[in-house]
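**Q** Could you have a look at this structure, given as structure tokens, before my questions?
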Amino acid sequence: MEKDSKDFQSMSKVNSRSKQLKVQREQTQKKIFCRWVNFHLTSGGKIPISNLDNGFHSGVALIDLTEVLSAKRIKSKWSKKPKNKIQMLENLSIALSFLQGKCGLKLVGIGNRSLFDGDTTLTLGLVWSMILHFQVDSITVNESGETEVEEQKIVEENKADTPEADETPKPEKPQKKISGKKALLLWAKAHTKKELTELNHDLVKNLHKSWKDGFAFCALVNHFRPDLMDMKEIRELPSDRARLERAFEVCTKDLGLPALLDADDLLEGPKPDEKAVTTYLAELFKLFKNATPVVPKAKVVPPAVKKPEKKKIARKKRDARNVPTVRDPSDAIRQECRRIDQDNNTARASTNTAMIVDLGMYCWYFCTRSARISLASTYLLNQISR
């Protein structure tokens, strides 16, 4: 009896833990899927929703999202401002019919009434089907994880490296094309292998646990944009949270990706949610699929400026017997002539100064004399007139 009770308690704990993980996973998906929906709605100029529980209730947001993702316009008449339940259900029916008929989505068990009632499980299933169809399933790479652009670039480089024009290279066997989630995983492996190997870190193996510590996200960004992500600095970061925050910060601020994930989304629970990681990687693939890795600019070292060589002063070699040098007599004559010229210039300057002073005194005497004569004349004329 005791053994049975212990087994029952252990089973109940396992069930409780599994239910808790399911609820946690559902909450994470609701948050990330809602961010994904709003990113595409706002990018298409549409009104975002507040949550997934009742975001598609009227059918307007679902029609807007369908038109944005498919780049097609729904021609059927629908209510842009539905006022009653019938109009809302009609909008939902139009959107679901368009997704299945024109876009080719396979929607099993998802109807207009379940979306109107806010069925969380079916709503999440609908959004995940749209993510797979419009973003993940369109991803195509070869067996090496290379996109079509990268594959074409390799072919052109091989042609350029062919030594002789006459020697035609043997056509390589075309690699098998892979699409969907498997292609996304192959692409992520191929574009993080070099960076993770240099860090002696485990390579990417899946779409959940391999991304929990942040190294894989940083390595993927570093592969295409080493100017934004330095792996030496990433190695020195103290925790998984710090690396994840650094990766998401660069992706959001510098690369313009939507903030779909945060560190808490990946660190909660034993492993990250695979659908959440897949959704984020699909956005990264969309950004980098046609990109060429940026080569960081080398630091330009200015050329060393050569200092001008000092002019070598020619010196007369002294006699081996240490005979004192004799000055040229012409030097003494030149110096004496310069001294005499300076004395003459000084004398001329003093003579000129004296002449200027004498001239000034004479002018002053003449002016004052003229003034006295003028005053005397005026006095005599006044006396005579009396």
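The values are calculated or read from the model by the stated rules, or taken from the named source; none is laboratory data. Here the structure is a predicted model, which means the values were calculated and not measured. Quick reminder, even Gly has a Cβ in these numbers, built from the backbone with ideal geometry, and neighbours come from all protein chains shown.
**Q** Would you pick out the residues in the range 225-270 that are touching a residue at least 60 places away in the same chain (Cβ under 8 Å) and closer than 20 Å to residue 192 by Cα?
**A** If the condition is that a residue be touching a residue at least 60 places away in the same chain (Cβ under 8 Å) and closer than 20 Å to residue 192 by Cα, then 225, 226, 227, 261 are the ones that fit.
**Q** If you don't mind, there's one more thing I want to ask. Residue 13: at pLDDT below 95 and loosely packed, with under 12 Cβ neighbours inside 10 Å, yes or no?
**A** Here the answer is yes, as residue 13 does meet what is asked.
**Q** Suppose the filter is among the polar types (S, T, N, Q), under 19 Å from residue 276 (Cα atoms) and in a helix (DSSP H, G or I); does residue 42 pass it?
**A** no
**Q** Which members of the range 81-135 meet the condition of being over 19 Å from residue 55 (Cα atoms) and in contact (Cβ under 8 Å) with a residue 60 or more places away in the chain?
**A** 134, 135
**Q** In addition: Looking only at the range 272-284, which residues are of a type in the set (A, V, I, L, M, F, W, C) and more than 12 Å from residue 251 (Cα to Cα)?
**A** 276, 277, 282
**Q** Related question: Being in a helix (DSSP H, G or I) and either buried (at least 17 other Cβ atoms within 10 Å of the Cβ) or not assigned by TED's automatic domain parsing to the domain that holds residue 279 (or both), is that true of even one residue in the range 69-82?
**A** Yes, there is a match, as at least one residue in the range 69-82 is in a helix (DSSP H, G or I) and either buried (at least 17 other Cβ atoms within 10 Å of the Cβ) or not assigned by TED's automatic domain parsing to the domain that holds residue 279 (or both).
**Q** Could you list, in sequence order, the residues of the range 108-130 that are loosely packed, with under 15 Cβ neighbours inside 10 Å and touching a helix residue (DSSP H, G or I) at 6+ places or on another chain (Cβ under 6 Å)?
**A** Matches in the range 108-130: none.
**Q** Kindly evaluate residue 233 against the criterion of being buried (at least 18 other Cβ atoms within 10 Å of the Cβ) and either in the same structural domain as residue 259 (by TED's automatic domain parsing) or in a loop (DSSP other than H, G, I, E, B) (or both).
**A** Criteria not met by residue 233.
**Q** Just need a number here: residues in the range 207-242 that are touching a helix residue (DSSP H, G or I) at 6+ places or on another chain (Cβ under 7 Å) and either of a type in the set (S, T, N, Q) or within 21 Å of residue 187 (Cβ to Cβ) (or both).
**A** 21
**Q** For residue 220, only one of the following conditions fails: (1) in a helix (DSSP H, G or I); (2) out of contact with any Ser or Thr (no Cβ under 7 Å at 6 or more places or on another chain). What is its number?
**A** Of everything listed in (1) in a helix (DSSP H, G or I); (2) out of contact with any Ser or Thr (no Cβ under 7 Å at 6 or more places or on another chain), residue 220 misses just condition (2).
**Q** Condition check: assigned by TED's automatic domain parsing to the domain that holds residue 285 and within 24 Å of residue 147 (Cβ to Cβ). Does residue 210 satisfy that?
**A** Judged against the criteria, residue 210 is a match.
**Q** Filter the range 40-54 for residues that are under 20 Å from residue 252 (Cα atoms), surrounded by fewer than 17 Cβ atoms within 10 Å (Cβ to Cβ) and not β-branched (Val, Ile, Thr) and give the result.
**A** Of everything in the range 40-54, those that are under 20 Å from residue 252 (Cα atoms), surrounded by fewer than 17 Cβ atoms within 10 Å (Cβ to Cβ) and not β-branched (Val, Ile, Thr) turn out to be 43, 44, 45, 48.
**Q** Let me ask something else. Which one of 132, 107 is outside the structural domain of residue 292 (by TED's automatic domain parsing) and at pLDDT below 95?
**A** Of the residues listed, the single one that is outside the structural domain of residue 292 (by TED's automatic domain parsing) and at pLDDT below 95 is 107.
**Q** Scan the range 45-101 residue by residue and report those that are under 19 Å from residue 133 (Cβ atoms), in contact with a Gly (Cβ under 6 Å, 6 or more places away or on another chain) and of a type in the set (D, E, K, R).
**A** none
**Q** Is there a residue being over 22 Å from residue 291 (Cβ atoms) and modelled with pLDDT under 95 anywhere in the range 217-232?
**A** For the range 217-232, residues over 22 Å from residue 291 (Cβ atoms) and modelled with pLDDT under 95: present.
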